[in-house]
Structure formats: C-alpha cells, structure tokens
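**Q** Got a structure for you, questions after.
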Amino acid sequence: MKFKDLFLIILFMINLTTTSFAQIQKYIFNVRYGSITKQAKMLVKQRNKYTEVIWTNGNNEKQISNFMGKTKLLNTKYFNPEGKEILSVIYDYNNEKINISGMKNSVLPLKGETFESASLFYLFSYIYPTTSKGINFNLLQSKNNRMVKMYLKQIGTETIDIGGEKIQAFKYEMGLKNFLASMFWPHKYYYWYSTDDRKFLKYQGMGPDGKNIETIELIYYSEKD
C-alpha cells in the first residue's frame with residue numbers, strides 16, 4: 001500500500017473519532033431462518049463526505065463498513081460475538097487491489113463495482129437499476145476469500161405489510177451473473193425498498209445451508225440529525 005493511501009485512511013479514521021455524525025439512521029429487523037427467529041440491527045451514520053454502516057446479525061457478529069460519500073467503500077472490518085476483530089478488508093483504488101487480513105490473508109483484484117455482502121442492504125438504497133435491464137457488480141465474500149459476479153434488476157412494485165402497515169415497495173431480484181455457475185446455484189435473492197424514500201424494508205433468499213429460506217424484515221426505524 002502506498003504511503004498516500006495509508007495517510008488518507010488514517011486521516012479518515014481520525015475524522016470519524018473526532019467529529020459527531022450529522023445524521024444517524026437506526027434499523028432493527030426480525031430475521032427468520034427455518035424455525036429460528038432472531039434480531040439484526042443496522043446503523044447508518046453520515047457526516048459530511050463520509051458514511052459508516054454497522055451491521056449486527058442475530059448472532060451478535062458485527063460488520064463495519066466505511067464509505068467515501070455514500071457508496072465508495074474504503075474499508076470493512078468483521079468482529080466476532082465477543083467484539084474481537086477477525087478480518088480487515090481495505091480497498092486500494094490506486095493500485096486496484098483489495099487487501100484482506102486476519103482469519104484470511106490475501107490480495108484480490110479491484111475492478112468495477114465491488115461490494116461486501118452485508119453492505120448490500122444499505123447500498124441498494126443508492127445503487128440500483130431504474131429499469132428491468134439491471135446492473136452488474138462483483139460481490140466480495142471476504143470470509144470465503146472469493147468474489148462472484150452478480151446482477152440486480154427491478155422486477156416491479158408491490159404493496160407489502162411491514163409491522164401492520166401497508167407500504168408500496170420496489171422489488172429487486174439478485175442472482176449469479178454467470179450462466180454456468182447459476183446452474184449449480186440457481187437460487188435468487190429479493191430485496192424490497194419503499195418507493196417514497198428508498199428505505200430498506202425486506203430481504204428474502206436461500207440461506208447458506210441451501211435448504212432454508214432466510215427472511216429479513218424491518219420492525220423498527222428511526223433517524224435523527
């Protein structure tokens with residue numbers, strides 16, 4: 001990593017620790033997986049040209065992603081339930097590399113749009129197709145040390161029930177871009193966002209065991225400046 005890149009990251013982290021955030025959005029979700037229901041949380045903190053997204057899953061594992069602006073990933077850190085950092089991912093745009101260290105140590109190419117898995121719930125509020133043609137991107141699965149090509153397309157709008165409230169939502173479908181790969185993993189993943197303010201409402205897709213459907217649904221939302 002060049003000294004200039006390291007300096008920018010250090011400056012970015014100093015900025016985060018010495019300033020308060022202008023806007024904070026808090027999401028709480030019910031996560032249903034098979035017969036199990038847990039809660040997950042997402043905290044979005046925006047300040048000037050930086051955004052921090054904290055995702056905490058039902059097992060209290062945490063993923064913290066930092067962005068320049070709203071969508072340019074700078075780094076992502078993974079923490080175990082005890083709060084110990086287990087994986088660090090740094091995006092080096094100058095050298096077009098992704099540096100992964102911790103439980104995995106590797107360097108992957110950084111070309112085109114590349115996103116981390118749990119960041120998608122947040123990112124699709126800002127990066128999304130406006131037609132059925134769709135968009136393509138690279139999905140980084142840092143813990144598995146691999147990257148897969150995905151597509152996202154809008155498949156319509158529908159009214160869904162969120163906590164007893166009927167909300168009009170855009171529905172998006174995500175799947176593997178590669179045709180041959182999709183023959184081995186044909187499952188599709190669906191995301192719902194409110195049509196008025198593009199707030200993330202719901203997700204549904206096959207779980208990692210390939211047997212049970214996972215559903216993530218918003219049960220609480222708040223924001224403050």
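**Q** Region 64-129 to region 199-224: how many Å between their Cα centroids?
**A** 20
**Q** With charges only on Cβ, +1 for K and R and -1 for D and E, what is the dipole size of region 3-224 about its Cα centre, in debye, rounded to 20?
**A** The dipole magnitude comes to about 260 debye.
**Q** Additional query: Which of rounded, prolate, oblate describes region 39-167, given a ≥ b ≥ c as roots of the alpha-carbon gyration tensor eigenvalues and a/c under 1.5 marking rounded, otherwise prolate only if a/b is larger than b/c?
**A** Taking the square roots of the gyration eigenvalues as a ≥ b ≥ c, region 39-167 is oblate.
**Q** Considering only 162, 152, 121, whose Cα is most displaced toward the positive end of the charge dipole of region 117-172, charges sitting on Cβ of Lys, Arg (+1) and Asp, Glu (-1)?
**A** 152
**Q** Oh, and also: Using the Karplus curve 6.51 cos²θ - 1.76 cosθ + 1.60 with θ = phi - 60°, what ³J(HN,Hα) values do you get for each residue of region 144-161, in whole Hz, with x for Gly and Pro?
**A** 9, 6, 8, 10, 10, 8, 10, 10, 9, 9, 7, 10, x, 10, 7, 8, 10, 9
**Q** If you don't mind, another one. Go ahead and estimate [θ] at 222 nm for the chain from helices alone: -39,500 (n - 2.57) per DSSP H run with n ≥ 4, summed, over the residue count, rounded to 500.
**A** Mean residue ellipticity, 222 nm, calculated: -3000 deg cm²/dmol.
**Q** Cβ under 12 Å from residue 72's Cβ, residue 72 left aside: what net charge do those residues give with Lys, Arg +1 and Asp, Glu -1?
**A** Details: positive: 49, 70; negative: 113.
With Lys, Arg at +1 and Asp, Glu at -1, the net is +1.
**Q** How far apart, in nm, are the 7 Å Cα→Cβ label points at residue 59 and residue 94?
**A** My value for the distance between the label points is 3.7 nm.
**Q** Hey, got a sec? Which chymotrypsin sites (Phe, Trp or Tyr not before Pro) in region 89-186 land in a DSSP loop and have at most 15 other Cβ atoms within 10 Å?
**A** Answer in residue order: 93, 126.
Only the coordinates and a few stated rules stand behind these numbers; no lab work does. None of these values were measured; they are calculated from a predicted model. Cβ sites come from the backbone with ideal geometry, for glycine too, and all protein chains shown count toward neighbours.
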